[in-house]
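The structure appears below as structure tokens.
All of the numbers you see were taken from the coordinates with simple rules; none came from a lab. Since the model is a prediction, treat every value here as computed from it, not as a measurement. Here the Cβ positions follow ideal geometry from the backbone for every residue, glycine too, while neighbour counts run over all protein chains shown.
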Amino acid sequence: MLPWPPFPFLAQAGSRELVPRPLENGTSAPRRSRVFAAGSTGPGADGSDRQLDPRLLEALFNELPDVVFFVKDAAGRYSGVNDTLMARCGFQKREMILGLTAEEAYPKPLGAAYAAQDQLVLQKGLEIRNKLELQLYPGGGKGWCVTFKTPLYDSSGKVTGLVGISRDLHRPNEHDVDYRRLARAIDDLQRRHGERLRLKALARSVGLSLERFERLVRRVFCLTPRELLIKTRIEAASTLLVESDRSISEIAFACGYCDHSAFTRQFKATVGVAPIAFRKGHRRALPAHDGPTAMGLLGAR
């Protein structure tokens with residue numbers, strides 16, 4: 001059983017919000033929220049143990065033919081999939097794909113790339129957010145999607161698997177040059193979010209004009225490039241505030257802000273509370289985790 005809410009990204013689909021909506025108690029949950037594996041005990045927003053049968057999630061995502069949904073165990077093997085994933089990989093029955101890894105279920109080189117992502121999540125506790133990549137489309141062709149993956153934890157904080165989605169963009173096929181360039185630019189933005197990044201230079205580095213880059217980012221993420229950069233920085237800062245003991249100034253610098261004041265103003269304007277208040281509130285709310293720090297790297301729509 002998975003506690004509610006099982007997927008913090010669900011409320012964000014189609015939304016321009018840069019941070020999650022406030023909880024009932026008036027606080028704002030960090031973008032990277034813990035998801036607990038079957039059989040573990042995890043707190044709900046009010047401290048209770050509210051759980052949801054994963055089979056209901058499969059049924060939910062079966063109603064979304066343009067979304068691939070999956071749950072995997074600690075070895076990266078499928079333990080839950082929706083009908084879309086099953087059909088696109090050519091399996092007639094769910095039992096045929098359960099127990100396989102992505103590398104076994106998908107053709108090369110897609111399967112190898114997905115499996116490498118899985119290891120980042122399972123071994124390092126990282127989240128995969130806003131990953132613009134190729135996915136199998138109906139009919140066996142390849143098309144563009146945005147992928148989200150997050151670790152599953154047991155009650156002791158150990159990573160026991162992962163859960164995620166890939167959402168079709170219904171855009172040009174794998175040979176579209178602009179989407180390949182955009183994917184490179186987004187990867188670069190996410191790797192270098194802690195630097196003083198100039199968006200015009202970033203666009204030019206992959207062969208896009210700033211205007212074309214802005215149009216593509218709006219089309220895919222429903223955000224401007226600047227909003228996407230802020231979103232990435234605030235997500236990273238939220239994780240560091242909760243899961244590290246670094247000072248506010250150190251976190252500000254690590255996330256691309258020139259000084260403590262600029263970071264505090266941006267964080268409060270985006271999240272609704274100051275960084276120190278966010279840290280105090282969410283350190284009480286989250287269980288202990290002895291693994292590596294997990295930075296929210298990428299994201300859902």
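Eigenvalues of the Cα gyration tensor times 5, then square-rooted: what semi-axes does that give for region 102-211, in whole angstrom, largest first?
On the way: eigenvalues 140, 88, 20 Å².
Ellipsoid semi-axes (Å, largest first): 26, 21, 10.
Applying 1/(1 + (r/R0)^6) with R0 = 30 Å to the Cβ-Cβ distance of residue 198 and residue 66, what FRET efficiency is obtained, to the nearest 0.05?
Numbers: r = 34 Å, r/R0 = 1.15.
Result of the calculation: an efficiency of 0.30.
Modelling each spin label as a point 7 Å along the Cα-to-Cβ direction, I'd like the residue 262/residue 142 distance in nm, to one decimal.
Result for the modelled spin labels: 3.9 nm.
Less than 26 Å apart at the alpha-carbon level, and either on another chain or at least 8 residues along: which lysines does that give for residue 268?
Leaving aside lysines fewer than 8 places away in the same chain, those within reach of residue 268 are 231, 280.
How much length would be gained if the chain were fully extended between residue 224 and residue 176, taking 0.36 nm per residue of separation minus their Cα-Cα distance, in nm to one decimal?
Values: separation 48, 0.36 × 48 = 17.28 nm, distance 2.11 nm.
Contour length minus Cα-Cα distance gives 15.2 nm.
When the Karplus curve 6.51 cos²θ - 1.76 cosθ + 1.60 is applied with θ = phi - 60°, which whole-Hz ³J(HN,Hα) does each residue of region 62-78 get, with x for Gly and Pro?
Each residue of region 62-78 in turn: 5, 7, 10, x, 9, 10, 8, 10, 7, 10, 10, 8, 5, 9, x, 8, 5 Hz.
What full-extension length gain, to one decimal in nm, is calculated for residue 250 and residue 55 as 0.36 nm per residue of separation minus the Cα-Cα distance?
Numbers: separation 195, 0.36 × 195 = 70.20 nm, distance 4.28 nm.
Taking 0.36 nm per residue and subtracting the Cα distance, the gain is 65.9 nm.
Can you list which of the trypsin sites (Lys or Arg not before Pro) found in region 114-200 are DSSP loop residues with at most 16 other C-beta atoms within 10 Å?
158, 192, 196, 198
Could you grab the Rg to Rh ratio for region 169-264? Cα atoms only, Kirkwood for Rh. Write down the numbers at each step before the final one.
Working: Rg = 15.0 Å, Rh = 14.3 Å.
We get a ratio of 1.04 for region 169-264.
Residue separation times 0.36 nm, minus the C-alpha to C-alpha distance between residue 274 and residue 75: what's the value?
67.7 nm
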